[in-house]
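Have a look at the structure below, then the notes.
The values are calculated or read from the model by the stated rules, or taken from the named source; none is laboratory data. Because the structure is predicted, anything quoted here is derived from the model rather than measured. When we count neighbours, we look across all protein chains shown, and the Cβ atoms used for this are built from the backbone with ideal geometry, even at glycine. For accessibility, only protein heavy atoms count, side chains too; no ligands or nucleic acids. Shrake-Rupley method; radii C 1.70, N 1.55, O 1.52, S 1.80 Å.
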Amino acid sequence: MNNERLSINPSIVEEIGTLSDSTFLTNESINEAVKILKNEPLHYSGDFEDEEWIFFKDNLNTGLKRRINFKELKAYDSVHIPRNFQIIVKCWIADLVSKYHITTVANYYSKLLKFLTYTNGFEQEKVDEFVKWLTSTQTISNKDKQHTIFVVLNFLDYADIEAGEVYIKPLLNLKKKVVRKKSYRALPPSKDILIFSQSIDAYFQEIKSNSNETMEWISEKVSYYPVIIWWKLTTIIPIRPSEFCSIKRDCLSEERENYYLHLPRHKYPKKHPNVVDKVQIDQSTFDLISTYIRETDQFGPSDTLISYNSILETSSAFVRAIRMSQKINIKVFTIEQLYLSIQSFYEKIVQQKFGFNIPLEIQLQPNDTRHLSIFSLMMQGVSPIEIARLANHKTISMQLNYAHHTEYWIDSEVFSLLQKFKFTQSSNSNPESISVENKKEEETLGVTLDLSPHIPNNILLKAFRPPTTPGCKKTLKDIGYCSDEQQRCETEECIFCSHWRTSSEEIAENFHIIKEKLANRKGNVYELIIFMKNLHSIMLNDEFSRVNPQNFNKLKSISYQIKDCVKEITELKILEVQNNGQ
């Protein structure tokens, strides 16, 4: 059940994204770059310290060499750029070499150099001039313009240098304006992300309940445990794939009945928001990681939380032989292995086990969860400075790059509330019937995964409960009736009040009203989220706004309003499912 593919599928990383999988961490990044150059088959000459790297292979574009000349960076030595700028660029290039074809990497480096030329090395005074030039020039195609924007944003996310902060927002605005036929990869559709999430949950339940000790099961389990941990951690804590892979084996601590996870965070200068390298986690996450460490200790030492040794030792003899011949440091887990593990989980678990065929191009990638967690933090009313601390951003304007995932967030919140409705109902039901229901759900998981199947047919809807006041039935204008003699209104709209009642027949007859209210509530959520994004944008661009207590209060207030709307959407969804099931 292990990963038989030994390299990342190139179609996944064909074009660079605006966000980097990794971040520059001086010594760690230099050491990683040295390893990448050493293990790169196309690397022909030039050590990390050298000012030119040459890559070559006989069949690489008719045998042409690809040169990356770092001498050209010296032209941009200035007060705007850090002294170690050349080292940062070298580490970024090495990181790209591990993911992309060398011809593509050379092209990306060329675009970065052109950007540095036009801006004279990130000069603040050149921002407007650069934007005007890129917008108006006819000498390069929209494809090349967009490539340039994406390359520079990716570099700025990796390097996290203060000199580039003034360029982030203008580049993000340009990204929206510059249109080309082939668009860059977006996050997968919300339904497909929910399918992955539910597959993770269902598979994790199987791991916990399955006492099978066969080698085949142990092999499968240690292969996909890392994917479960990656999903559980990175959808809540906005860490990069490189940070996740670098989490130390002894990452857990317990203090006064509280549980903590220690992160591999680089210490920045004083100007940087205080870095969060220790985060509190719940007991279930603590237990998940503890169990994984305990079960994989038998396979040998590991410097990182995720044991590469466990994957290696449970692989087929063929895969193990190839891995060992590559002289990889078997005490560390790498981003490449994370890519492969996620791909394999889609193939073996999501598709073969649960029956969902999700095309490769819309499968989740390691950095996607960082988008989701940052957006989720925004929706919870967390301030931009606090998000910067959690996300390890020195240039907090990079947050603007993550604020585009409304659809998934709404769907996942509604889905989560539906699951809570179900849990509440199940906990009050006959244990025998729960067992049967769970078994039925397991059997049908491979057939469909939408909101509907996750609301049990026997759920006791508020709408169909006995009236608050026996015999009370005060007809309302649009749909349903008030069951409270004293009419103690709890909400502006009666349908969301605990005293509101109706019948299946009335829902069917007036279903258009339910749909209108559902559309209205979704519209309200979108408007509130836009307001939230705008407030974040103001706080990111104005230092006074960042520390203004009124803005913090506004963030929390909007967050509460959004949560109320999502709860109302969930209640309407239940009525919608009830009607569709008639």
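Of note:
- Protection-proxy order for peptides 463-476, 279-292, each taking the mean of Cβ atoms within 10 Å per residue, highest first: 279-292, 463-476
- Of the peptides 307-319, 24-36, the order by per-residue mean of other Cβ atoms within 10 Å, starting with the highest, comes out as 307-319, 24-36.
- When the pairs Lys71/Lys278; Lys517/Lys556; Lys177/Lys567; Lys65/Lys248; Lys208/Lys353 are compared against a 28 Å limit on Cα-Cα distance, Lys71/Lys278; Lys177/Lys567; Lys65/Lys248 fall above it.
- Extension reserve of the Lys473-Ile362 stretch, reckoned as 0.36 nm per residue once the Cα distance is removed: 34.9 nm
- Segment 27-148: Rg to Rh, with Rh as the Kirkwood radius over Cα pairs: 1.00
- Here the accessible area of segment 172-267 is 50 percent carbon and sulfur, with a 1.4 angstrom probe and all protein chains present.
- Taking the average, over residues, of other Cβ atoms within 10 Å as the packing measure, peptides 256-262, 566-572 rank 566-572, 256-262 from highest down.
- Long-range tail of P(r) for segment 111-229 (Cα pairs > 21 Å, %): 56
- Bridgeable aspartates and glutamates around Lys473 (alpha carbons under 12 Å apart, same-chain partners fewer than 8 residues away excluded): Asp484, Glu485.
- FRET efficiency for the pair Lys331 and Glu492, taken as 1/(1 + (r/R0)^6) with r the Cβ-Cβ distance and R0 = 60 Å, rounds to 0.50.
- Shown in residue order for segment 358-374 are the 3J(HN,Hα) couplings computed by the Karplus curve 6.51 cos²θ - 1.76 cosθ + 1.60 at θ = phi - 60°: 9, x, 4, 5, 10, 7, 5, 10, x, 7, 4, 5, 5, 4, 5, 6, 5 Hz (x for Gly and Pro).
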